[in-house]
Amino acid sequence: MKAKSNTAFRPLIKRTQRGFSLIEVMVSMVILVVGLISLLGVFGIAMAATQTSQENATAKQLANEAMEGILTARETANVTWTQIQNTGPGGGIFLPGFNPIWNPGLDGIIDTADDAASGIQTLELPGANGVFAGACPPDTCLPLTNFQRQIQITSVLDTSGNVIPTLRAITITVQYTTPQSSWPRQYVLNTFISPYR
């Protein structure tokens, strides 16, 4: 006679209740590590962008400053339409190529021949107390030696290829270096100017 096994006391284990295998745990760990490493990369990019934000803002301000200087000189009739060109045979007053960020010279116009005698422009930051005192020290003054600016003024052509005598294109490029990058960065501002006020 065969003895019957008593299955009433053995718990029933369904296939869906068994838990995770070691392989499944390892795969989920790899996915988690890859996600965390990519998140760290995003934090690195954000930190680099934050550290260069002051240089980016300074470059934008330097380009706008040059553009406003050109437009103001035209509006106040300090320069003639012929002078709003790069130096050369056309009689322009703006220096070609990249130049240091000098203070405006006696004429008050940025990037002209008399600017070199005025010295390098400085960026004044508030001192330790966070208030501008108007002098260095107690304010922090940073010379803008890692910035260069180029004002390029070119003729504009119509659809037939003829020069439009009452319109010129202005491209202001501010090139700068940061401690975090080994190559220079640029900020470019493009606009048009006409002799009409």
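So if I check each of 96, 138, which one is out of contact with any helix residue (DSSP H, G or I) (no Cβ under 8 Å at 6 or more places or on another chain), part of a loop (DSSP other than H, G, I, E, B) and closer than 20 Å to residue 64 by Cα? Even if it seems obvious, please write down each step before you answer.
Numbers: 138 fails: closer than 20 Å to residue 64 by Cα.
When all the criteria are applied, what remains is 96.
Here are 46, 59: which of them is surrounded by fewer than 16 Cβ atoms within 10 Å (Cβ to Cβ) and not in a loop (DSSP other than H, G, I, E, B)?
On the way: 59 fails: surrounded by fewer than 16 Cβ atoms within 10 Å (Cβ to Cβ).
When all the criteria are applied, what remains is 46.
If you take the residues of region 102-158 that are within 26 Å of the chain's Cα centre (by Cα) and hydroxyl-bearing (Ser, Thr, Tyr), which of them is nearest to residue 189 (Cα to Cα)?
154
Report yes if some residue within region 155-174 is surrounded by 12 or more Cβ atoms within 10 Å (Cβ to Cβ) and part of a loop (DSSP other than H, G, I, E, B); otherwise report no.
no
Cβ-Cβ distance below 7 Å, separation of 6 or more or different chains: which pairs start in region 59-77 with a residue that is closer than 14 Å to residue 153 by Cα and β-branched (Val, Ile, Thr) and end on one that is modelled with pLDDT of 90 or more and surrounded by 13 or more Cβ atoms within 10 Å (Cβ to Cβ)?
70/170; 70/193
Yes/no per residue for (1) of a type in the set (Phe, Trp, Tyr); (2) at pLDDT 90 or above; (3) out of contact with any Asp or Glu (no Cβ under 8 Å at 6 or more places or on another chain):
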residue	(1), (2), (3)
125	no, no, no
131	no, no, yes
135	no, no, yes
140	no, no, no
148	no, yes, yes
153	no, yes, yes
185	no, no, no
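Please determine, by comparing only the residues of region 112-135 that are closer than 14 Å to residue 102 by Cβ and acidic (Asp, Glu), which one is surrounded by the fewest Cβ atoms within 10 Å (Cβ to Cβ).
The selected residue is 114.
Inspect all residues belonging to region 184-194 and state whether any of them is without any contact (Cβ under 8 Å) to a residue 12 or more places away in the chain, more than 27 Å from residue 80 (Cβ to Cβ), assigned to a loop (DSSP other than H, G, I, E, B) and not basic (Lys, Arg).
Going through region 184-194, the residues without any contact (Cβ under 8 Å) to a residue 12 or more places away in the chain turn out to be 184.
Subset that is more than 27 Å from residue 80 (Cβ to Cβ): 184.
From what's left, assigned to a loop (DSSP other than H, G, I, E, B): 184.
Then keep just the ones that are not basic (Lys, Arg); that gives 184.
Yes, there is a match, as at least one residue in region 184-194 is without any contact (Cβ under 8 Å) to a residue 12 or more places away in the chain, more than 27 Å from residue 80 (Cβ to Cβ), assigned to a loop (DSSP other than H, G, I, E, B) and not basic (Lys, Arg).
For region 80-101, enumerate the residues that are hydrophobic (A, V, I, L, M, F, W, C), within 31 Å of the chain's Cα centre (by Cα) and over 22 Å from residue 122 (Cβ atoms). First the steps, then the outcome.
Start the filter on region 80-101 by keeping residues that are hydrophobic (A, V, I, L, M, F, W, C), which leaves 81, 84, 93-95, 98, 101.
From what is left, the residues that are within 31 Å of the chain's Cα centre (by Cα) are 84, 93-95, 98, 101.
If the condition is that a residue be hydrophobic (A, V, I, L, M, F, W, C), within 31 Å of the chain's Cα centre (by Cα) and over 22 Å from residue 122 (Cβ atoms), then 84, 93, 94 are the ones that fit.
The values are calculated or read from the model by the stated rules, or taken from the named source; none is laboratory data. Keep in mind that what you see is a predicted model, and the values were worked out from it rather than measured. Cβ: placed from backbone, ideal geometry, glycine included. Neighbour counts: every protein chain shown.
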